[in-house]
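Participant: Have a look at this one before I ask anything.
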Amino acid sequence: MLITMIFVQAAGFLLLALSQKYHYRNLMHRAPQSSGQTAFRFAGFAALAVSVGTGLQAEGMQFGPIWWLASANVVALLVLVLSAWRAEGEPNGR
């Protein structure tokens, strides 16, 4: 169940990154549509909310929030590093 929480968190943080123009252009190589940005933002927050529920279901109220915060920090850092690495590996930084 914790693995599911981690994957859902990664999807949520990736969707939140794609809701920003800069990250969308770096990863998709085109300008985002405003409706797409709103959809990415909504889906990202929804995925993070689902991951909170998954963490609480897996570990209960005592350790669920602790596991969620710890894994959220690690997953957010991983998404940050991978998106920066993807942008760096392309010609001219794009």
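The values are calculated or read from the model by the stated rules, or taken from the named source; none is laboratory data. Because the structure is a prediction, the values reported are computed rather than measured. Neighbour counts are summed over all protein chains in view; Cβ atoms, including those assigned to glycine, are modelled from backbone coordinates with ideal geometry.
Participant: Answer yes if at least one residue in segment 44-54 is over 11 Å from the mean Cα position of the chain (by Cα) and of a type in the set (Phe, Trp, Tyr), and no otherwise.
Facilitator: Looking through segment 44-54, none of the residues is over 11 Å from the mean Cα position of the chain (by Cα) and of a type in the set (Phe, Trp, Tyr).
Participant: Continuing with this model, one more query. Taking the stated definitions as given, is Thr4 more than 22 Å from Val81 (Cα to Cα), part of a helix (DSSP H, G or I) and β-branched (Val, Ile, Thr)?
Facilitator: Details: more than 22 Å from Val81 (Cα to Cα): no; part of a helix (DSSP H, G or I): yes; β-branched (Val, Ile, Thr): yes.
Judged against the criteria, Thr4 is not a match.
Participant: Please enumerate the residues belonging to segment 7-54 that are of a type in the set (A, V, I, L, M), closer than 20 Å to Leu82 by Cβ and touching a Lys or Arg at 6+ places or on another chain (Cβ under 7 Å). Outline the logic, then answer.
Facilitator: Just the residues of segment 7-54 that are of a type in the set (A, V, I, L, M), to begin with: 8, 10-11, 14-18, 27-28, 31, 39, 43, 46-50, 52.
Subset that is closer than 20 Å to Leu82 by Cβ: 8, 10-11, 14-18, 27-28, 43, 47-48.
Correct list: Leu16, Leu27.
Participant: Which pairs do you get when a residue that is at pLDDT 95 or above, found in segment 60-86, comes within reach of a residue that is surrounded by 13 or more Cβ atoms within 10 Å (Cβ to Cβ) and of a type in the set (Asp, Glu), reach meaning Cβ atoms under 8 angstrom, with the pair 6+ apart or on two chains?
Facilitator: Final answer for the pair search is none.
Participant: Filter segment 58-69 for residues that are farther than 15 Å from Phe7 by Cβ and surrounded by fewer than 17 Cβ atoms within 10 Å (Cβ to Cβ) and give the result.
Facilitator: Our first condition is that a residue be farther than 15 Å from Phe7 by Cβ; within segment 58-69, this holds for 59-66, 69.
Listed by number, the residues that qualify are Gly60, Met61, Gln62, Phe63, Pro65, Ile66, Leu69.
Participant: When the residues of segment 22-37 are filtered to those that are without any contact (Cβ under 8 Å) to a residue 40 or more places away in the chain and within 23 Å of Asn73 (Cα to Cα), which remaining residue is surrounded by the most Cβ atoms within 10 Å (Cβ to Cβ)? Outline the logic, then answer.
Facilitator: First, pick out the residues of segment 22-37 that are without any contact (Cβ under 8 Å) to a residue 40 or more places away in the chain: 22, 24, 28, 30-37.
Going one step further and asking which of them are within 23 Å of Asn73 (Cα to Cα), we end up with 22, 24.
Working: Tyr22: 10, Tyr24: 19.
Looking at residues that are without any contact (Cβ under 8 Å) to a residue 40 or more places away in the chain and within 23 Å of Asn73 (Cα to Cα), I get Tyr24.
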